[in-house]
Amino acid sequence: MKLLTHNLLECHIKGVTNKYPFLVEAQQVEQTEVDFNPDFLRRMYPKLDWKAFKDTAEGLKLEGLPDSVTEEMLKSDEAFLRAFHHILLEVDVEEGALICPETGRRFPIVKGIPNLLLNEDEC
Amino acid sequence: MKLKDLQSLLEDCKPFEDPKVELEQYTTRPHIASHILHAIDNSYEGFVGTTVVDLGCGCGALGVGAAILGAHVLGIDIDEDALAIAQENREEMNPWGEDEALSIDFVRANVLELSPGMRDRLKADVVITNPPFGTRAKGVDMEFLRVASGIATSAVYSLHKTSTRSYIQRHALKTLGFKKAQVVAELRYDLPKTYKFHKKACTDIAVDFWRFEVLSKQ
(Lines give C-alpha, C1' and ligand atoms only; values in the text may rest on other atoms or scores of the structure.)
Protein backbone atom coordinates (compact mmCIF):
# COMPACT_ATOMS: atom_id res chain seq x y z
CA MET A 1 0.00 0.00 0.00
CA LYS A 2 1.35 3.33 -1.11
CA LEU A 3 0.90 6.51 0.91
CA LEU A 4 -1.16 7.89 -1.96
CA THR A 5 -3.67 5.08 -1.44
CA HIS A 6 -3.64 5.66 2.31
CA ASN A 7 -4.49 9.29 1.70
CA LEU A 8 -7.66 8.29 -0.18
CA LEU A 9 -9.05 5.78 2.30
CA GLU A 10 -11.26 6.38 5.30
CA CYS A 11 -12.90 4.18 7.87
CA HIS A 12 -16.38 3.31 6.62
CA ILE A 13 -17.75 1.55 9.70
CA LYS A 14 -21.36 2.63 10.14
CA GLY A 15 -21.81 5.43 12.66
CA VAL A 16 -18.14 6.39 12.93
CA THR A 17 -17.60 10.14 12.62
CA ASN A 18 -13.86 10.52 13.21
CA LYS A 19 -12.93 8.35 10.25
CA TYR A 20 -9.87 10.01 8.72
CA PRO A 21 -6.99 9.50 8.41
CA PHE A 22 -6.29 5.90 9.30
CA LEU A 23 -3.32 5.46 11.59
CA VAL A 24 -0.69 3.26 9.95
CA GLU A 25 0.99 0.43 11.77
CA ALA A 26 3.87 -0.82 9.64
CA GLN A 27 5.74 -4.04 10.29
CA GLN A 28 7.32 -4.28 6.88
CA VAL A 29 7.95 -1.46 4.44
CA GLU A 30 9.50 -1.80 0.99
CA GLN A 31 10.75 0.69 -1.53
CA THR A 32 10.26 0.48 -5.27
CA GLU A 33 11.12 2.69 -8.17
CA VAL A 34 8.23 4.32 -10.03
CA ASP A 35 8.48 6.55 -13.11
CA PHE A 36 8.94 10.19 -12.02
CA ASN A 37 6.19 12.37 -13.50
CA PRO A 38 6.11 15.94 -12.08
CA ASP A 39 2.88 16.76 -13.93
CA PHE A 40 1.15 13.91 -12.15
CA LEU A 41 2.35 15.30 -8.80
CA ARG A 42 1.06 18.77 -9.72
CA ARG A 43 -2.35 17.30 -10.56
CA MET A 44 -2.47 15.15 -7.42
CA TYR A 45 -1.40 17.82 -4.97
CA PRO A 46 -4.77 19.65 -4.72
CA LYS A 47 -6.56 16.31 -4.21
CA LEU A 48 -4.40 15.25 -1.28
CA ASP A 49 -4.90 15.92 2.39
CA TRP A 50 -1.39 17.27 2.87
CA LYS A 51 -1.39 17.17 6.66
CA ALA A 52 -2.50 13.53 6.70
CA PHE A 53 0.18 12.74 4.12
CA LYS A 54 2.96 14.48 6.01
CA ASP A 55 1.93 13.09 9.42
CA THR A 56 1.70 9.56 8.06
CA ALA A 57 5.09 9.89 6.37
CA GLU A 58 6.66 11.07 9.61
CA GLY A 59 5.05 8.18 11.46
CA LEU A 60 6.98 5.94 9.08
CA LYS A 61 10.16 7.96 9.68
CA LEU A 62 10.06 9.44 6.20
CA GLU A 63 11.31 12.99 6.57
CA GLY A 64 11.68 15.82 4.09
CA LEU A 65 8.12 16.96 3.44
CA PRO A 66 7.41 20.66 4.16
CA ASP A 67 4.46 21.81 6.30
CA SER A 68 3.03 23.69 3.39
CA VAL A 69 3.64 23.70 -0.32
CA THR A 70 3.90 26.78 -2.52
CA GLU A 71 3.13 27.06 -6.22
CA GLU A 72 6.77 27.79 -6.81
CA MET A 73 7.77 24.50 -5.21
CA LEU A 74 5.32 22.55 -7.32
CA LYS A 75 6.50 24.33 -10.43
CA SER A 76 10.24 24.10 -10.22
CA ASP A 77 11.65 22.78 -6.93
CA GLU A 78 13.20 19.54 -8.20
CA ALA A 79 14.39 18.37 -4.76
CA PHE A 80 10.91 18.86 -3.29
CA LEU A 81 9.21 17.13 -6.23
CA ARG A 82 11.58 14.16 -5.96
CA ALA A 83 10.88 13.80 -2.23
CA PHE A 84 7.13 14.19 -2.79
CA HIS A 85 7.21 11.55 -5.58
CA HIS A 86 9.24 9.12 -3.51
CA ILE A 87 7.06 9.26 -0.41
CA LEU A 88 3.79 9.31 -2.34
CA LEU A 89 4.47 6.43 -4.75
CA GLU A 90 7.67 4.54 -3.98
CA VAL A 91 7.11 3.48 -0.38
CA ASP A 92 4.97 0.36 0.03
CA VAL A 93 3.63 -0.82 3.37
CA GLU A 94 3.71 -4.60 2.85
CA GLU A 95 2.66 -5.87 6.27
CA GLY A 96 0.87 -3.97 9.02
CA ALA A 97 -2.54 -2.46 9.60
CA LEU A 98 -4.75 0.56 9.12
CA ILE A 99 -6.30 1.66 12.39
CA CYS A 100 -9.57 3.54 12.68
CA PRO A 101 -8.86 6.79 14.57
CA GLU A 102 -12.16 6.57 16.46
CA THR A 103 -12.72 2.91 17.29
CA GLY A 104 -9.19 1.53 17.09
CA ARG A 105 -10.45 -1.24 14.78
CA ARG A 106 -7.50 -2.78 12.92
CA PHE A 107 -7.78 -3.40 9.19
CA PRO A 108 -4.85 -5.69 8.41
CA ILE A 109 -2.46 -5.05 5.52
CA VAL A 110 -1.23 -8.37 4.17
CA LYS A 111 1.17 -8.65 1.21
CA GLY A 112 0.61 -4.97 0.49
CA ILE A 113 -3.19 -5.18 0.39
CA PRO A 114 -5.29 -3.49 3.09
CA ASN A 115 -8.42 -5.44 3.91
CA LEU A 116 -11.28 -2.99 4.43
CA LEU A 117 -14.06 -5.57 4.45
CA LEU A 118 -16.51 -4.89 7.25
CA ASN A 119 -18.12 -7.38 9.59
CA GLU A 120 -21.89 -7.65 9.41
CA ASP A 121 -22.40 -5.56 12.54
CA GLU A 122 -20.22 -2.77 11.12
CA CYS A 123 -22.17 -1.96 7.98
CA MET B 1 1.65 1.28 -27.56
CA LYS B 2 0.45 -0.79 -30.49
CA LEU B 3 -2.62 -2.93 -29.98
CA LYS B 4 -0.80 -6.14 -30.74
CA ASP B 5 2.02 -5.34 -28.30
CA LEU B 6 -0.50 -4.56 -25.57
CA GLN B 7 -2.39 -7.77 -26.29
CA SER B 8 0.78 -9.80 -26.13
CA LEU B 9 1.58 -8.30 -22.68
CA LEU B 10 -1.95 -9.07 -21.50
CA GLU B 11 -1.65 -12.67 -22.71
CA ASP B 12 0.61 -13.16 -19.68
CA CYS B 13 -2.18 -12.21 -17.29
CA LYS B 14 -2.76 -15.14 -14.98
CA PRO B 15 -6.49 -15.99 -14.68
CA PHE B 16 -8.59 -17.06 -11.68
CA GLU B 17 -7.44 -20.37 -10.25
CA ASP B 18 -10.75 -21.36 -8.75
CA PRO B 19 -13.43 -18.94 -9.94
CA LYS B 20 -16.25 -18.26 -7.51
CA VAL B 21 -19.68 -18.57 -9.04
CA GLU B 22 -21.40 -16.21 -6.58
CA LEU B 23 -19.02 -13.43 -7.60
CA GLU B 24 -19.46 -14.21 -11.32
CA GLN B 25 -15.72 -14.31 -11.80
CA TYR B 26 -14.71 -14.41 -15.44
CA THR B 27 -11.29 -13.35 -16.53
CA THR B 28 -11.31 -10.45 -18.98
CA ARG B 29 -9.79 -12.14 -22.01
CA PRO B 30 -6.61 -10.53 -23.37
CA HIS B 31 -8.05 -9.54 -26.73
CA ILE B 32 -11.01 -7.82 -25.04
CA ALA B 33 -8.91 -6.12 -22.36
CA SER B 34 -6.41 -4.88 -24.93
CA HIS B 35 -9.13 -3.49 -27.23
CA ILE B 36 -10.75 -1.64 -24.33
CA LEU B 37 -7.52 -0.17 -23.03
CA HIS B 38 -6.28 0.72 -26.49
CA ALA B 39 -9.51 2.57 -27.28
CA ILE B 40 -9.37 4.59 -24.05
CA ASP B 41 -5.70 5.35 -24.58
CA ASN B 42 -5.98 6.43 -28.21
CA SER B 43 -9.51 7.74 -28.72
CA TYR B 44 -10.42 9.16 -25.31
CA GLU B 45 -8.69 10.23 -22.07
CA GLY B 46 -5.37 8.50 -22.58
CA PHE B 47 -3.64 6.97 -19.58
CA VAL B 48 -0.31 8.76 -19.08
CA GLY B 49 -0.44 10.76 -15.86
CA THR B 50 -4.09 9.97 -15.11
CA THR B 51 -5.69 8.25 -12.14
CA VAL B 52 -7.76 5.13 -12.69
CA VAL B 53 -9.91 3.05 -10.36
CA ASP B 54 -10.62 -0.55 -11.43
CA LEU B 55 -13.81 -1.69 -9.65
CA GLY B 56 -14.05 -5.43 -9.15
CA CYS B 57 -10.55 -5.76 -10.58
CA GLY B 58 -10.33 -9.53 -10.14
CA CYS B 59 -6.96 -10.72 -11.42
CA GLY B 60 -6.19 -7.21 -12.58
CA ALA B 61 -6.09 -7.52 -16.39
CA LEU B 62 -7.62 -4.07 -16.95
CA GLY B 63 -5.95 -2.31 -14.03
CA VAL B 64 -2.47 -3.64 -14.67
CA GLY B 65 -2.94 -2.89 -18.37
CA ALA B 66 -3.85 0.73 -17.56
CA ALA B 67 -0.78 1.00 -15.32
CA ILE B 68 1.42 -0.33 -18.14
CA LEU B 69 0.01 2.47 -20.31
CA GLY B 70 1.08 5.05 -17.72
CA ALA B 71 -1.83 5.51 -15.33
CA HIS B 72 -1.74 5.40 -11.54
CA VAL B 73 -4.25 2.69 -10.69
CA LEU B 74 -6.20 1.54 -7.67
CA GLY B 75 -7.81 -1.88 -8.02
CA ILE B 76 -10.63 -2.81 -5.65
CA ASP B 77 -11.99 -6.32 -5.20
CA ILE B 78 -13.75 -8.33 -2.51
CA ASP B 79 -11.91 -11.60 -3.14
CA GLU B 80 -8.52 -12.20 -1.60
CA ASP B 81 -7.62 -15.10 -3.90
CA ALA B 82 -8.20 -12.90 -6.95
CA LEU B 83 -6.17 -10.08 -5.38
CA ALA B 84 -3.25 -12.41 -4.67
CA ILE B 85 -3.18 -13.26 -8.38
CA ALA B 86 -3.52 -9.58 -9.26
CA GLN B 87 -0.42 -8.85 -7.15
CA GLU B 88 1.46 -11.55 -9.07
CA ASN B 89 0.26 -10.12 -12.37
CA ARG B 90 1.47 -6.70 -11.39
CA GLU B 91 4.98 -8.14 -11.15
CA GLU B 92 4.83 -10.68 -13.96
CA MET B 93 3.21 -8.44 -16.56
CA ASN B 94 5.45 -5.45 -15.86
CA PRO B 95 7.33 -4.85 -19.12
CA TRP B 96 10.08 -2.96 -17.25
CA GLY B 97 10.90 -5.89 -15.01
CA GLU B 98 13.05 -5.13 -11.99
CA ASP B 99 14.02 -1.61 -13.03
CA GLU B 100 10.72 0.12 -12.46
CA ALA B 101 7.48 -0.85 -10.75
CA LEU B 102 4.00 -0.19 -12.11
CA SER B 103 2.12 2.49 -10.20
CA ILE B 104 -0.73 0.35 -8.95
CA ASP B 105 -2.21 -0.59 -5.58
CA PHE B 106 -4.92 -3.02 -4.58
CA VAL B 107 -7.46 -2.74 -1.77
CA ARG B 108 -9.76 -5.48 -0.55
CA ALA B 109 -13.26 -4.09 -0.10
CA ASN B 110 -16.83 -4.69 -1.17
CA VAL B 111 -17.47 -2.32 -4.07
CA LEU B 112 -21.13 -2.09 -3.08
CA GLU B 113 -20.23 -0.99 0.46
CA LEU B 114 -18.01 1.95 -0.48
CA SER B 115 -19.54 4.84 1.42
CA PRO B 116 -20.26 8.17 -0.31
CA GLY B 117 -17.43 9.71 1.73
CA MET B 118 -14.99 7.09 0.50
CA ARG B 119 -16.17 7.44 -3.09
CA ASP B 120 -15.52 11.14 -2.82
CA ARG B 121 -11.96 10.62 -1.61
CA LEU B 122 -11.28 7.98 -4.27
CA LYS B 123 -12.15 10.41 -7.09
CA ALA B 124 -10.25 9.41 -10.22
CA ASP B 125 -10.22 10.58 -13.83
CA VAL B 126 -11.40 7.25 -15.12
CA VAL B 127 -13.17 4.24 -13.67
CA ILE B 128 -12.90 0.98 -15.56
CA THR B 129 -14.93 -2.02 -14.58
CA ASN B 130 -15.80 -5.43 -15.92
CA PRO B 131 -18.63 -5.96 -13.45
CA PRO B 132 -20.49 -9.14 -12.65
CA PHE B 133 -23.09 -9.27 -15.44
CA GLY B 134 -25.89 -9.76 -12.97
CA THR B 135 -26.92 -13.22 -14.13
CA ARG B 136 -26.64 -14.57 -10.58
CA ALA B 137 -27.47 -11.46 -8.56
CA LYS B 138 -29.83 -9.36 -10.64
CA GLY B 139 -28.92 -5.73 -11.12
CA VAL B 140 -25.46 -5.97 -9.60
CA ASP B 141 -23.86 -4.55 -12.77
CA MET B 142 -26.04 -1.45 -12.39
CA GLU B 143 -24.94 -1.15 -8.76
CA PHE B 144 -21.29 -1.21 -9.88
CA LEU B 145 -22.13 1.50 -12.39
CA ARG B 146 -23.77 3.60 -9.67
CA VAL B 147 -20.67 3.38 -7.48
CA ALA B 148 -18.46 4.12 -10.50
CA SER B 149 -20.50 7.25 -11.26
CA GLY B 150 -19.59 8.57 -7.79
CA ILE B 151 -15.85 8.08 -8.35
CA ALA B 152 -15.11 9.07 -11.96
CA THR B 153 -14.52 12.73 -12.82
CA SER B 154 -14.18 12.20 -16.57
CA ALA B 155 -15.63 8.87 -17.70
CA VAL B 156 -16.61 5.35 -16.73
CA TYR B 157 -15.84 2.42 -19.03
CA SER B 158 -17.79 -0.74 -18.47
CA LEU B 159 -18.96 -4.00 -20.05
CA HIS B 160 -22.57 -5.09 -20.08
CA LYS B 161 -24.61 -7.68 -21.91
CA THR B 162 -25.89 -6.37 -25.24
CA SER B 163 -29.35 -7.68 -24.40
CA THR B 164 -29.67 -4.97 -21.72
CA ARG B 165 -28.56 -2.09 -23.97
CA SER B 166 -31.70 0.07 -24.03
CA TYR B 167 -32.26 -0.29 -20.29
CA ILE B 168 -28.66 0.72 -19.54
CA GLN B 169 -28.86 3.73 -21.82
CA ARG B 170 -31.97 5.01 -20.00
CA HIS B 171 -30.71 4.16 -16.53
CA ALA B 172 -27.31 5.78 -17.09
CA LEU B 173 -28.76 9.07 -18.30
CA LYS B 174 -31.90 9.38 -16.16
CA THR B 175 -31.02 7.72 -12.88
CA LEU B 176 -27.25 7.95 -12.66
CA GLY B 177 -27.00 11.38 -14.26
CA PHE B 178 -24.28 10.68 -16.81
CA LYS B 179 -23.98 13.32 -19.52
CA LYS B 180 -23.55 10.79 -22.32
CA ALA B 181 -23.80 7.04 -22.64
CA GLN B 182 -22.47 5.41 -25.76
CA VAL B 183 -21.61 1.93 -26.89
CA VAL B 184 -18.03 2.13 -28.14
CA ALA B 185 -17.96 -1.43 -29.47
CA GLU B 186 -19.97 -4.59 -29.50
CA LEU B 187 -17.80 -7.49 -28.53
CA ARG B 188 -18.11 -11.22 -28.75
CA TYR B 189 -17.25 -12.35 -25.25
CA ASP B 190 -16.00 -15.88 -25.51
CA LEU B 191 -16.70 -17.44 -22.17
CA PRO B 192 -14.76 -20.64 -21.85
CA LYS B 193 -16.49 -23.29 -19.75
CA THR B 194 -15.70 -21.94 -16.30
CA TYR B 195 -18.33 -23.50 -14.11
CA LYS B 196 -20.03 -26.88 -13.92
CA PHE B 197 -23.43 -25.45 -14.91
CA HIS B 198 -22.00 -24.37 -18.26
CA LYS B 199 -23.13 -26.98 -20.76
CA LYS B 200 -21.00 -25.97 -23.73
CA ALA B 201 -17.21 -25.87 -23.85
CA CYS B 202 -17.28 -22.26 -24.96
CA THR B 203 -20.14 -19.83 -25.34
CA ASP B 204 -20.08 -16.58 -27.22
CA ILE B 205 -22.20 -13.88 -25.67
CA ALA B 206 -22.68 -10.40 -27.07
CA VAL B 207 -21.27 -7.77 -24.77
CA ASP B 208 -21.25 -3.99 -25.15
CA PHE B 209 -18.23 -1.92 -24.26
CA TRP B 210 -19.70 1.32 -22.91
CA ARG B 211 -18.36 4.77 -22.31
CA PHE B 212 -20.29 6.91 -19.81
CA GLU B 213 -19.28 10.53 -19.76
CA VAL B 214 -19.49 12.35 -16.46
CA LEU B 215 -21.28 15.66 -16.21
CA SER B 216 -18.59 18.04 -15.04
CA LYS B 217 -19.41 19.46 -11.62
CA GLN B 218 -18.31 23.00 -10.99
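Kindly provide the set of residues from the range A:93-123 that are free of Cβ contacts under 8 Å to residues at least 24 places away in the same chain, assigned to a loop (DSSP other than H, G, I, E, B) and more than 13 Å from chain B (Cβ to nearest Cβ), ordered by number. Reasoning before the result, please.
Narrowing the range A:93-123 to residues free of Cβ contacts under 8 Å to residues at least 24 places away in the same chain: A:104, A:108, A:110-111, A:115, A:117, A:119-121.
Applying the additional criterion that residues be assigned to a loop (DSSP other than H, G, I, E, B) yields A:104, A:111, A:117, A:119.
Residue satisfying the conditions is A:Gly104 alone.
Name, by its number, the condition in (1) surrounded by fewer than 22 Cβ atoms within 10 Å (Cβ to Cβ); (2) at pLDDT below 95 that does not hold for B:Gln182.
Of everything listed in (1) surrounded by fewer than 22 Cβ atoms within 10 Å (Cβ to Cβ); (2) at pLDDT below 95, B:Gln182 misses just condition (2).
Quick one: which helices (runs of 4 or more DSSP H) sit completely within the range B:1-110 and have at least 1 residues that are open to solvent by less than 10 Å² (accessible area, probe 1.4 Å) and either within 12 Å of chain A (Cβ to nearest Cβ) or touching a strand residue (DSSP E or B) at 6+ places or on another chain (Cβ under 8 Å) (or both)? Talk me through it step by step, then tell me what you get.
Numbers: elements: B:3-10, B:30-43, B:61-68, B:80-92.
Of the helices (runs of 4 or more DSSP H) lying wholly inside the range B:1-110, those with at least 1 residues that are open to solvent by less than 10 Å² (accessible area, probe 1.4 Å) and either within 12 Å of chain A (Cβ to nearest Cβ) or touching a strand residue (DSSP E or B) at 6+ places or on another chain (Cβ under 8 Å) (or both) span B:30-43, B:61-68, B:80-92.
Take the conditions open to solvent by 80 Å² or more (accessible area, probe 1.4 Å), over 29 Å from B:Glu98 (Cα atoms), at pLDDT 95 or above and of a type in the set (Asp, Glu) and apply them to A:Glu72. Does it pass?
On the way: open to solvent by 80 Å² or more (accessible area, probe 1.4 Å): yes; over 29 Å from B:Glu98 (Cα atoms): yes; at pLDDT 95 or above: yes; of a type in the set (Asp, Glu): yes.
Answer is yes for this residue.
Please state which of the following conditions A:Met73 fails to meet, knowing it meets all the rest: (1) more than 9 Å from chain B (Cβ to nearest Cβ); (2) not in a helix (DSSP H, G or I).
Exception for A:Met73: condition (2).
Let me spell it out: the conditions are (1) out of contact with any Cys (no Cβ under 7 Å at 6 or more places or on another chain); (2) in a helix (DSSP H, G or I); (3) over 26 Å from A:Asp35 (Cβ atoms); (4) more than 7 Å from every other protein chain (Cβ to nearest Cβ), and B:Lys138 meets all of them except one. Which number is the exception?
It fails just one condition, (2).
If we keep just the residues of the range A:43-64 that are outside any helix (DSSP H, G or I) and of a type in the set (A, V, I, L, M, F, W, C), which is surrounded by the most Cβ atoms within 10 Å (Cβ to Cβ)? Spell out the reasoning first.
Here is the first cut: in the range A:43-64, the residues outside any helix (DSSP H, G or I) are A:48-49, A:60-64.
Then keep just the ones that are of a type in the set (A, V, I, L, M, F, W, C); that gives A:48, A:60, A:62.
On the way: A:Leu48: 18, A:Leu60: 16, A:Leu62: 16.
That would be A:Leu48.
Do we have any residue at all in the range B:150-169 that's under 24 Å from A:Lys14 (Cβ atoms) and out of contact with any helix residue (DSSP H, G or I) (no Cβ under 7 Å at 6 or more places or on another chain)? Break it down stepwise before answering.
Step one: of the range B:150-169, the residues under 24 Å from A:Lys14 (Cβ atoms) are B:150-151.
Now restrict to residues that are out of contact with any helix residue (DSSP H, G or I) (no Cβ under 7 Å at 6 or more places or on another chain): none.
Within the range B:150-169, none of the residues are under 24 Å from A:Lys14 (Cβ atoms) and out of contact with any helix residue (DSSP H, G or I) (no Cβ under 7 Å at 6 or more places or on another chain).
Is it true that some residue in the range A:28-45 is more than 10 Å from chain B (Cβ to nearest Cβ) and aliphatic (A, V, I, L, M)?
Yes; the residues of the range A:28-45 include at least one that is more than 10 Å from chain B (Cβ to nearest Cβ) and aliphatic (A, V, I, L, M).
All but one of (1) crowded, with 20+ Cβ neighbours inside 10 Å; (2) more than 14 Å from every other protein chain (Cβ to nearest Cβ) hold for A:Leu88; which doesn't?
Among (1) crowded, with 20+ Cβ neighbours inside 10 Å; (2) more than 14 Å from every other protein chain (Cβ to nearest Cβ), the lone unmet condition for A:Leu88 is (2).
Which numbered condition trips up A:Lys2, out of (1) within 17 Å of B:Ala109 (Cβ to Cβ); (2) modelled with pLDDT of 95 or more; (3) open to solvent by 30 Å² or more (accessible area, probe 1.4 Å); (4) not aromatic (Phe, Trp, Tyr)?
If we test A:Lys2 against (1) within 17 Å of B:Ala109 (Cβ to Cβ); (2) modelled with pLDDT of 95 or more; (3) open to solvent by 30 Å² or more (accessible area, probe 1.4 Å); (4) not aromatic (Phe, Trp, Tyr), just (3) comes out false.
Among the numbered criteria (1) in a loop (DSSP other than H, G, I, E, B); (2) modelled with pLDDT under 95, which single criterion is violated by A:Asp67?
It is condition (2) that A:Asp67 fails.
Mind telling me which of the residues A:Glu94, A:Glu63 ends up being in contact with a Gly (Cβ under 8 Å, 6 or more places away or on another chain), closer than 18 Å to A:Thr32 by Cα and of a type in the set (D, E, K, R)? Talk me through it step by step, then tell me what you get.
Numbers: A:Glu63 fails: in contact with a Gly (Cβ under 8 Å, 6 or more places away or on another chain).
Testing whether each residue is in contact with a Gly (Cβ under 8 Å, 6 or more places away or on another chain), closer than 18 Å to A:Thr32 by Cα and of a type in the set (D, E, K, R) leaves just A:Glu94.
Of the residues A:Phe40, A:Phe80, A:Phe107, which is buried (at least 16 other Cβ atoms within 10 Å of the Cβ), closer than 24 Å to B:Leu69 by Cα and among the aromatic types (Phe, Trp, Tyr)?
Details: A:Phe80 fails: closer than 24 Å to B:Leu69 by Cα; A:Phe107 fails: closer than 24 Å to B:Leu69 by Cα.
Within the list A:Phe40, A:Phe80, A:Phe107, the selection yields A:Phe40.
If we scan the range A:18-36, do we find a residue that is in contact with a helix residue (DSSP H, G or I) (Cβ under 7 Å, 6 or more places away or on another chain) and open to solvent by 80 Å² or more (accessible area, probe 1.4 Å)?
Scanning the range A:18-36, I find no residue that is in contact with a helix residue (DSSP H, G or I) (Cβ under 7 Å, 6 or more places away or on another chain) and open to solvent by 80 Å² or more (accessible area, probe 1.4 Å), so the answer is no.
The values are calculated or read from the model by the stated rules, or taken from the named source; none is laboratory data. Owing to the predicted nature of the structure, the values given are computational and were not obtained by experimental measurement. Counting neighbours? That spans all protein chains shown, and the Cβs are built from the backbone with ideal geometry, glycine included. Each accessible area value is taken on the protein alone, full model and side chains, heavy atoms only, with ligands, DNA and RNA left out. Shrake-Rupley method; radii C 1.70, N 1.55, O 1.52, S 1.80 Å.
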